[in-house]
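The values are calculated or read from the model by the stated rules, or taken from the named source; none is laboratory data. Just so you know, these numbers come straight off a predicted model, no measurement behind them. Positions of Cβ are backbone-derived with ideal geometry, glycine not excepted, and every protein chain shown enters the neighbour counts. The area values use the complete protein model at the heavy-atom level, side chains included, leaving out ligands, DNA and RNA. Shrake-Rupley method; radii C 1.70, N 1.55, O 1.52, S 1.80 Å.
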Amino acid sequence: MVADGLGAQALKAQFGDRFQDQWQIADRHVLVQQQPQHGQQHVDRNLVGDQLVDQAADAVVIATPEYNKAPPGVLKNALDWVSRVPGAVWRDRPVAIVSAAAGRAGGERAQYALRLWLMPFRARVLPGPEVLVADAANAFAEDGRLVSERYDRALGELMADLRRMSLPPEG
């Protein structure tokens, strides 16, 4: 899962062949009405993505911008919809978080908030390395790749950890 505008090419370059699909919140409509009503179970599959509903993804990468010291509300809304999917679809699923922001902290508070939002899902959120891309307007090349070797190295390490966590246990 990749939030809009945060270097999907950089993630693909680091994660390799197993990065098969991206799902961008910006491509989805967001419903603010409360569901289910009258005991009916309703999940907007267009909003939460078939891969997450059907539990097909081995791992999840959430790349988020930071707006006013938090992730965008549309991301929280999408997570609220995922929470309505029967079967605890994110339980024990490896999740990596990366962020970018115009400021010098690179989305540090957005990552902190997102980690709190993910706690009820009981996902295996990687503790680090934290990939906090500061000055996002200048951090990406035209092809979407990260310009800074330091950010690229941190992202590579995070994706290597995510790959290891998403592989079935040996033995």
Item to check | Matching entry among ALA100, ALA105 (being touching a residue at least 24 places away in the same chain (Cβ under 8 Å), closer than 21 Å to LEU146 by Cα and surrounded by fewer than 19 Cβ atoms within 10 Å (Cβ to Cβ)) | outcome: ALA105
Checklist entry - Could you list, in sequence order, the residues of the stretch 115-126 that are open to solvent by less than 20 Å² (accessible area, probe 1.4 Å) and modelled with pLDDT of 95 or more? => result LEU126
Checklist entry - Quick check: anything in the stretch 98-108 of a type in the set (Lys, Arg) and out of contact with any helix residue (DSSP H, G or I) (no Cβ under 9 Å at 6 or more places or on another chain)? => result yes
Item to check | Subset of the stretch 94-144 (residues that are assigned to a helix (DSSP H, G or I), of a type outside the set (D, E, K, R), touching a Ser or Thr at 6+ places or on another chain (Cβ under 8 Å) and within 14 Å of PRO71 (Cβ to Cβ)) | outcome: ALA110, GLN111, LEU114
Item to check | Identity of the residue in the stretch 113-129, of a type outside the set (A, V, I, L, M) and within 13 Å of the chain's Cα centre (by Cα), that ends up farthest from ARG153 (Cα to Cα) | outcome: TRP117
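Yes or no, residue by residue, for (1) among the β-branched types (Val, Ile, Thr); (2) open to solvent by 70 Å² or more (accessible area, probe 1.4 Å); (3) at pLDDT below 80:
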site	(1), (2), (3)
HIS42	no, yes, yes
VAL48	yes, no, yes
LEU52	no, no, yes
ASN68	no, yes, no
PRO72	no, no, no
TRP81	no, no, yes
GLY87	no, no, yes
ARG93	no, no, no
ALA96	no, no, no
